[in-house]
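Chemist: Quick one: the structure is below, questions incoming.
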Amino acid sequence: MFDTLQDRLSETFRNLRGKGRLSEADINEVAREIRIALLEADVNLGVVKDFVASVKEQARSAEVSQALNPTQQIVKIVNEQLVEILGGETRTLRFAKTPPTVIMLAGLQGSGKTTLAGKLGRWLKENKHHPLLVAADLQRPNAVNQLQVVGQRAGVPVFSPEPGNGVGDPVAVARASIDEATRKMYDVVIVDTAGRLGVDAELMQQAMDIRDAVHPDEVLFVVDAMIGQDAVNTAIAFRDGVGFDGVVLSKLDGDARGGAALSIRKVTGRPIMFASNGEQLADFDVFHPDRMASRILDMGDVLTLIEQAEKTFDAEQSAKAAEKLLTKKGKGFGLDDFLAQMQAVRKMGPMSKILGMMPGMGQYKDAIGAIDEREIDRIEAIIYSMTPAERSDPTILNGSRRSRIAKGSGTSVTEVNSLVNRFMETRKMMAQLGSGGGMPGMPGVPGMGGGRRPARQQASKKKGRKGVSGNPAKRAAASAPAEQPAAPAQPAVDEFGLPISGAPSSSAMDEFQLPPELAKMFDQNKGR
C-alpha cells in the first residue's frame, strides 16, 4: 500500500548521501520532497503541513547540522514523526474486569466488518479467550449467513437468533447476546452491526441504540484503507455521532496510496488498533506504529517476522535440523528436513510478504512481486517423488533415478538436477557457517573465507621482494644457495629456563625412527 510513498522517500534520502553537512537549501529541498511524497500518498493536507514543519524544525537543530552523517539523522527524524502521526504507542484491547467484554464493530457497508469480526474472533481465540460473534446486521441480504460461514471457518460460535434479510430487531439481538454469553461463559462478545452505503441518520441512530443497549467496552470503527481521504471524513462523522475508541484498517494489502492510515489517527485523535492485510482469516494483527513506520522507510519489520516465525516453526524440529547441519559436515541434513523447513516458512504467508518485511527489500520490489509461489509446489512434488533413502542421501541419485523422479513429479530432469544441485550447495554453505568456517564465494568479507589478502599485507610482501639484477655475475651469486652456519644444539629447557629431566638428547633424536607406515607415507610425499 505504501509503495509510492516508500519509493519517493527512499529517493529523497538517496540524494542526501555524500553530503558532509546539510545547508538550509538542502533542508528546504528535503522538506519539499517529503511534502510532495505525502500529498501524492493522499495524506490530509493539515497532517502534511504539521509533519513537514516538525521535520524542518528538528533538521535545523545543532545536533543534525554538526552530525557526521546528517542523512541518518534526517531518516531518524522522519521515522520519529511517522511513528507519531501513526499513533505513537501500540494500543491494545481493554478487557472488562467482569466478563464478558463487549466489542462493537461499526462502519460503512463494504468496509469488511463481517469478515473482520471472524478475524478478530480467531485472533482472540489464539490468545486464550472464548469469543462469541453476534449477527446484529439484519439489513444486508445474507449478512447473517455470511457471519455463520466466517465463524465456522474461524472456529468461533455465532449467536444468530434472527434470520436477517430485513427481519428482526438488531437492538434486541445485541441485548440478548449478553445474556447468552453470560450463560455459556464466553468472555468476549463481538457485535457485528449493519452498515450503509453512506453516512445517514438511520445508520447513526441504530448504531447509537445498540451502543446504549450493550454498553460496549470497545467501539471499533472499521475503515476501508483503499478509499483514501473519504475514510477520514467518514471517521469524523462517526466520532461525532456514535463515538468510537479505536480504528481497524481493512484491505491494507491493496494498491491504494495509504493516505487514510497516515491521516486518520492525527485527524480523529483515535488510535489505530488492528490492521487486516489479506483475505485469509490469519491476515490480521495488532497495529504497531513503529513497525509500520519502519516498513514505509524500507527498514523492514523484523519483529513481526520473528513473531510469525515463533508461531510457525517447531523449536524442537528446528534444533534437530540445525544439529544435523553441524554433524558429518551437514550430510545428516536431508531433503526431508529441507522440505519441513520450507513448509514451515510457507505457513508464515506468501514469500513476497515475508521478503517484504526484511530491511532494504524495497529496491527489489519488482523481483519480489514476480516470485512464483507455485515453484514451492513443484519442489514438494519432486521431493515427494523420491524414496526415503533418496531424500536422506541425495548423492545416490543417478541418471535413471532422476529420470524416474522427473516423470513422477511431472517435471523435467533439468528441474530435478537444479533442485538437487542447489540443495547440495546450500547444505555445504550452511554447514561451513555453522561450524564457524568461511563462506565460499564471498571475497573480501572478513570471516567469510575465499577473500583476498589485505592490501597492506600485499604491499609489505611486494616491498620485501627484491628485483632481479641485470648483471649475470650478480644474478648467479644471488641464485646460489647461501651456506648457513649450523646452529649449536640447545639443551631442552622448560618455561623457566631449567633443564628438563629425561628430555631426549640430539643423539637420541638422531637414532629415533618413524614407524614403517608413517615412513612410507612421507617417502611417497617426497617423491611427488
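The values are calculated or read from the model by the stated rules, or taken from the named source; none is laboratory data. These numbers come from a predicted model, not from an experiment. Heads up, the Cβs are rebuilt from the backbone with ideal geometry, glycines too, and the neighbour counts pull from every protein chain shown. Accessible surface areas use protein heavy atoms only, side chains included; no ligands, DNA or RNA. Shrake-Rupley method; radii C 1.70, N 1.55, O 1.52, S 1.80 Å.
Chemist: Does the stretch 465-475 contain at least one residue that is open to solvent by less than 70 Å² (accessible area, probe 1.4 Å) and either among the aromatic types (Phe, Trp, Tyr) or at pLDDT 85 or above (or both)?
Modeler: no
Chemist: May I ask you to verify whether VAL30 is surrounded by 14 or more Cβ atoms within 10 Å (Cβ to Cβ), free of Cβ contacts under 8 Å to residues at least 60 places away in the same chain, out of contact with any Ser or Thr (no Cβ under 7 Å at 6 or more places or on another chain) and of a type in the set (A, V, I, L, M)? Walk me through it before giving the result.
Modeler: Details: surrounded by 14 or more Cβ atoms within 10 Å (Cβ to Cβ): yes; free of Cβ contacts under 8 Å to residues at least 60 places away in the same chain: yes; out of contact with any Ser or Thr (no Cβ under 7 Å at 6 or more places or on another chain): no; of a type in the set (A, V, I, L, M): yes.
It is false that VAL30 is surrounded by 14 or more Cβ atoms within 10 Å (Cβ to Cβ), free of Cβ contacts under 8 Å to residues at least 60 places away in the same chain, out of contact with any Ser or Thr (no Cβ under 7 Å at 6 or more places or on another chain) and of a type in the set (A, V, I, L, M).
Chemist: Looking at (1) touching a residue at least 12 places away in the same chain (Cβ under 8 Å); (2) not in a helix (DSSP H, G or I), can you tell me which one VAL83 breaks?
Modeler: (2)
Chemist: Being within 20 Å of VAL222 (Cβ to Cβ) and either in contact with a Phe, Trp or Tyr (Cβ under 7 Å, 6 or more places away or on another chain) or open to solvent by 50 Å² or more (accessible area, probe 1.4 Å) (or both) is the filter here, so list the residues in the stretch 152-200 that pass it.
Modeler: Scanning the stretch 152-200 gives ARG153, SER177, LEU197, VAL199, ASP200.
Chemist: Still on this structure, please answer the following. For LYS251, only one of the following conditions fails: (1) farther than 28 Å from ARG153 by Cα; (2) open to solvent by 30 Å² or more (accessible area, probe 1.4 Å). What is its number?
Modeler: (1)
Chemist: Restricting attention to the stretch 252-276, which residues are at pLDDT 80 or above and either assigned to a loop (DSSP other than H, G, I, E, B) or among the polar types (S, T, N, Q) (or both)?
Modeler: Restricting attention to the stretch 252-276, the residues satisfying the condition of being at pLDDT 80 or above are 263-276.
Scanning the stretch 252-276 gives SER263, THR268, GLY269, ARG270, PRO271, SER276.
Chemist: Still on this model: So, in the stretch 166-193, exactly how many residues are β-branched (Val, Ile, Thr) and touching an Asp or Glu at 6+ places or on another chain (Cβ under 9 Å)? Give the derivation first.
Modeler: Restricting attention to the stretch 166-193, the residues satisfying the condition of being β-branched (Val, Ile, Thr) are 167, 171, 173, 178, 182, 188-191, 193.
With touching an Asp or Glu at 6+ places or on another chain (Cβ under 9 Å) added as a condition, the list becomes 171, 173, 189, 193.
Qualifying residue count, the stretch 166-193: 4.
Chemist: Taking GLN205, is it in contact with a helix residue (DSSP H, G or I) (Cβ under 7 Å, 6 or more places away or on another chain) and surrounded by fewer than 21 Cβ atoms within 10 Å (Cβ to Cβ)?
Modeler: Values: in contact with a helix residue (DSSP H, G or I) (Cβ under 7 Å, 6 or more places away or on another chain): no; surrounded by fewer than 21 Cβ atoms within 10 Å (Cβ to Cβ): yes.
No.
Chemist: So LYS97 passes all but one of these: (1) closer than 20 Å to GLY246 by Cβ; (2) open to solvent by less than 40 Å² (accessible area, probe 1.4 Å); (3) of a type outside the set (A, V, I, L, M, F, W, C); (4) over 29 Å from the mean Cα position of the chain (by Cα). Which condition number does it fail?
Modeler: (2)
Chemist: State all residues of the stretch 186-208 that are touching a Pro at 6+ places or on another chain (Cβ under 8 Å) and touching a residue at least 40 places away in the same chain (Cβ under 8 Å); if no residue qualifies, say none. First the steps, then the outcome.
Modeler: The initial filter retains those residues of the stretch 186-208 that are touching a Pro at 6+ places or on another chain (Cβ under 8 Å), namely 186-191, 193-194, 206.
Matches in the stretch 186-208: TYR186, ASP187, VAL188, VAL189, ILE190, VAL191, THR193, ALA194.
Chemist: I've got another one for you. Being within 21 Å of ARG427 (Cβ to Cβ), in a helix (DSSP H, G or I) and open to solvent by 70 Å² or more (accessible area, probe 1.4 Å) is the filter here, so list the residues in the stretch 395-414 that pass it.
Modeler: Matches in the stretch 395-414: THR395, ARG401, THR414.
Chemist: Right, something else. Would a scan of the stretch 103-117 turn up a residue that is open to solvent by 30 Å² or more (accessible area, probe 1.4 Å), over 26 Å from VAL199 (Cα atoms) and part of a helix (DSSP H, G or I)?
Modeler: No, there is no match, as no residue in the stretch 103-117 is open to solvent by 30 Å² or more (accessible area, probe 1.4 Å), over 26 Å from VAL199 (Cα atoms) and part of a helix (DSSP H, G or I).
Chemist: Scan the stretch 17-24 and give yes if some residue there is open to solvent by less than 40 Å² (accessible area, probe 1.4 Å) and either modelled with pLDDT of 85 or more or assigned to a helix (DSSP H, G or I) (or both), otherwise no. Before the answer, list the steps.
Modeler: Here is the first cut: in the stretch 17-24, the ones open to solvent by less than 40 Å² (accessible area, probe 1.4 Å) are 22.
If we keep only those that are either modelled with pLDDT of 85 or more or assigned to a helix (DSSP H, G or I) (or both) too, we end up with none.
No; the residues of the stretch 17-24 include none that is open to solvent by less than 40 Å² (accessible area, probe 1.4 Å) and either modelled with pLDDT of 85 or more or assigned to a helix (DSSP H, G or I) (or both).
Chemist: What is the number of the single condition among (1) within 28 Å of ALA235 (Cα to Cα); (2) under 39 Å from the mean Cα position of the chain (by Cα); (3) among the acidic types (Asp, Glu) that ASP187 does not meet?
Modeler: Against the list (1) within 28 Å of ALA235 (Cα to Cα); (2) under 39 Å from the mean Cα position of the chain (by Cα); (3) among the acidic types (Asp, Glu), ASP187 comes up short only on (1).
Chemist: Residue check: is VAL52 outside any loop (DSSP other than H, G, I, E, B), in contact with a helix residue (DSSP H, G or I) (Cβ under 7 Å, 6 or more places away or on another chain), modelled with pLDDT under 85 and closer than 22 Å to GLU11 by Cβ? Spell out the reasoning first.
Modeler: Details: outside any loop (DSSP other than H, G, I, E, B): yes; in contact with a helix residue (DSSP H, G or I) (Cβ under 7 Å, 6 or more places away or on another chain): yes; modelled with pLDDT under 85: no; closer than 22 Å to GLU11 by Cβ: yes.
Taking the combined requirement at face value, the residue does not satisfy it.
Chemist: Residues VAL242, VAL286: which one is over 21 Å from the mean Cα position of the chain (by Cα) and at pLDDT 75 or above? Break it down into steps so the answer makes sense when it comes.
Modeler: Details: VAL286 fails: over 21 Å from the mean Cα position of the chain (by Cα).
One residue alone meets the criteria, VAL242.
Chemist: Right, another one. I'd like the residue in the stretch 118-142 that is in a loop (DSSP other than H, G, I, E, B) and among the charged types (D, E, K, R) and, out of all such residues, is least open to solvent (accessible area, probe 1.4 Å).
Modeler: Of all residues in the stretch 118-142, those in a loop (DSSP other than H, G, I, E, B) come to 127-130, 136-142.
Among the residues that remain, those that are also among the charged types (D, E, K, R) are: 128, 137, 140.
Numbers: LYS128: 172, ASP137: 8, ARG140: 59 Å².
Selected residue: ASP137.
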